[in-house]
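S.K.: After the structure tokens below, expect a handful of questions from me.
The values are calculated or read from the model by the stated rules, or taken from the named source; none is laboratory data. Being a predicted model, the structure only gives us computed values, none of them experimental. Note that we place each Cβ from the backbone using ideal geometry, even for glycine, and neighbour counts take in every protein chain shown. Each accessible area value is taken on the protein alone, full model and side chains, heavy atoms only, with ligands, DNA and RNA left out. Shrake-Rupley method; radii C 1.70, N 1.55, O 1.52, S 1.80 Å.
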Amino acid sequence: ALPFDLAGVRILISAGGTREPLDPVRYLGNHSSGKQGFALARAAAARGAEVTVVAGSTSGAGEPAGVQRIPISSAMELSDEMAERAVTADVIIMAAAVADFRPVVIADAKIKKGTSGPAPIELETNPDILAGLVQSRKRGEIAAETVIVGFAAETGDDTGGVLDHGRAKFARKGCDLLVVNPVGAGKAFGTEDNTGWLLSTAGTETALPLTSKTLLASRILDALAPLLPQR
Ligand code: C5P
């Protein structure tokens, strides 16, 4: 990659996991470390981009230097931040692991054990932020030139299953690039390395070799740079 080939490009990245509160002390969460999102943020900043990272829970991901970091906790907070900031972004990368559901009720006080066994937790569906951003772009609320990148963490019995799931998700979400990652036992979440495929609307499917999240970030930026309008 050329040094500073992303000079002045405004890149909005979501990273890490969301926490869906149950009561003042408990939440439903996931194992996302934020490492891939932060690696993207660092790589983009190193190439001259103006980077904003909206970050949920992270683990061992360090602090991305030279970027604006906005903390969020829940999917709804992430949704609000992304919607507000999307209008001034040239590139949006949804690397966060967003909870699909949230508890309907957030108890004001710590939920008691009670005497009749576990109380059921009622859940409702969170908005699909990535799909929502694509819809906003369609409606003209976000500039048509904005490049939108998604991630698909998939489990499958074999690698073919993962890619098939990724293809189906790409068709559903409507983003410009989709990074498909195999996840599960020791794969992707929390690890230093990552692998998968990069799917583009041009129909290309590029295999990403198992490599560091840092190098993978560069590959992703290499793929999106040509999609930016000429500057
Ligand atoms: O549908 P799935 O969660 O596998 O899709 C993953 C992609 O969608 C990721 O880019 C993730 O950040 C995004 N996503 C989202 N809002 C959700 C769930 C996922 O933006 N509620």
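S.K.: What residues have an amide H closer than 5 Å to that of L123, excluding those fewer than 5 places away on the same chain, when H is modeled at 1.01 Å from N in the peptide plane?
M.R.: Under 5 Å from the amide H of L123: V104.
S.K.: Which whole number in µm²/s is D for region 95-231 by Stokes-Einstein, with the Kirkwood Rh taken over Cα pairs at 4 °C and 1.567 mPa s? Write out the running numbers ahead of the final one.
M.R.: Details: Rh = 17.3 Å.
In µm²/s, the coefficient is 75.
S.K.: A further question on this structure: How much of the DSSP beta bridge set in the chain is antiparallel, as a percent to the nearest 5?
M.R.: 40 percent
S.K.: Quick one: how many Å² of F4 are accessible to a 1.4 Å probe, rounded to 10?
M.R.: 130 Å²
S.K.: Once every DSSP H run of n ≥ 4 in the chain is given -39500 (n - 2.57) and the sum is divided by its residues, what mean residue ellipticity at 222 nm do you get, rounded to the nearest 500 deg cm²/dmol?
M.R.: Values: 5 runs with 61 residues, N = 231.
Taking each H run of at least 4 residues, the total per residue is -8000 deg cm²/dmol.
S.K.: Continuing with this model, one more query. Restricting things to alpha carbons, tell me how big region 40-169 is in terms of Rg and Dmax, in Å.
M.R.: Reported Rg and Dmax, both Å: 18.1, 59.
S.K.: Hey, what's the Kirkwood Rh for region 1-70 if you take every pair of different alpha carbons, in angstrom? Before the final figure, lay out each step's value.
M.R.: Details: mean 1/r = 0.0782 Å⁻¹.
Evaluated over region 1-70, this radius sits at 12.8 Å.
S.K.: Checking a compactness column here: for region 80-119, what do you get for Rg(Cα) / (2.2 N^0.38 Å), N being the number of residues? Please report the intermediate quantities before stating the final value.
M.R.: Values: Rg = 18.0 Å, N = 40, 2.2 N^0.38 = 8.9 Å.
Ratio of Cα Rg to 2.2 N^0.38 Å: 2.01.
S.K.: Once neighbouring chains are kept in place and the probe is 1.4 Å, which whole percent of the accessible area of region 1-121 is contributed by carbon and sulfur?
M.R.: Values: 3370 of 6080 Å².
Its accessible area is 55 percent carbon and sulfur atoms.
S.K.: Return the lysines within reach of K35: Cα separation strictly under 28 angstrom, same-chain partners fewer than 8 residues apart disregarded; answer none if there are no such residues.
M.R.: K169, K173, K187, K213
S.K.: A further question follows. With a ≥ b ≥ c the root eigenvalues of the C-alpha gyration tensor of region 39-103, is it rounded (a/c under 1.5), prolate (a/b larger than b/c) or oblate? Let's see the in-between values first.
M.R.: Values: a/c = 2.31, a/b = 1.40, b/c = 1.66.
Verdict is oblate for region 39-103.
S.K.: Can you list residues from other chains, or at least 5 along the same chain, whose modelled amide H is less than 5 Å from the amide H of Y27?
M.R.: The list, which skips near neighbours in sequence, is L22.
S.K.: Rolling a 1.4 angstrom probe over the protein heavy atoms, how many square angstrom per residue are accessible across the chain?
M.R.: Details: 11710 Å² over 231 residues.
That works out to 51 Å² for each residue.
S.K.: A further question on this structure: On alpha-carbon atoms, Rg over Rh for the chain using Kirkwood Rh? Working shown, then result.
M.R.: On the way: Rg = 18.0 Å, Rh = 18.2 Å.
Computed over Cα atoms, the ratio is 0.99.
S.K.: Moving to a separate point now. With all protein chains present and a 1.4 Å probe, how do E145, E124, E20 order by accessible area, largest first? Numbers along the way, then the final one.
M.R.: Working: E145 105, E124 70, E20 5 Å².
Per-residue accessible area, sorted high to low, gives E145, E124, E20.
S.K.: Can I ask one more? Once you keep just the Cα pairs under 8 angstrom separated by 6 or more residues, what percentage relative contact order results for the chain?
M.R.: Dividing the mean separation by the residue count of the chain yields 20 percent.
S.K.: May I ask you to derive the relative contact order of region 109-231, considering only C-alpha pairs under 8 Å and at least 6 residues apart, and to give it as an integer percent? Before the final figure, lay out each step's value.
M.R.: Working: 143 pairs, mean separation 22.7, N = 123.
Relative contact order here is 18 percent.
S.K.: Pop the C-beta distance of D222 and D108 into the FRET formula with R0 = 45 Å and round what comes out to the nearest 0.05.
M.R.: E between D222 and D108, to the nearest 0.05, is 0.35.
S.K.: Report the residue, chosen from K138, K110, K169, that carries the largest GNM mean-square fluctuation when the chain is represented by alpha-carbon nodes joined by springs under 10 Å.
M.R.: K110
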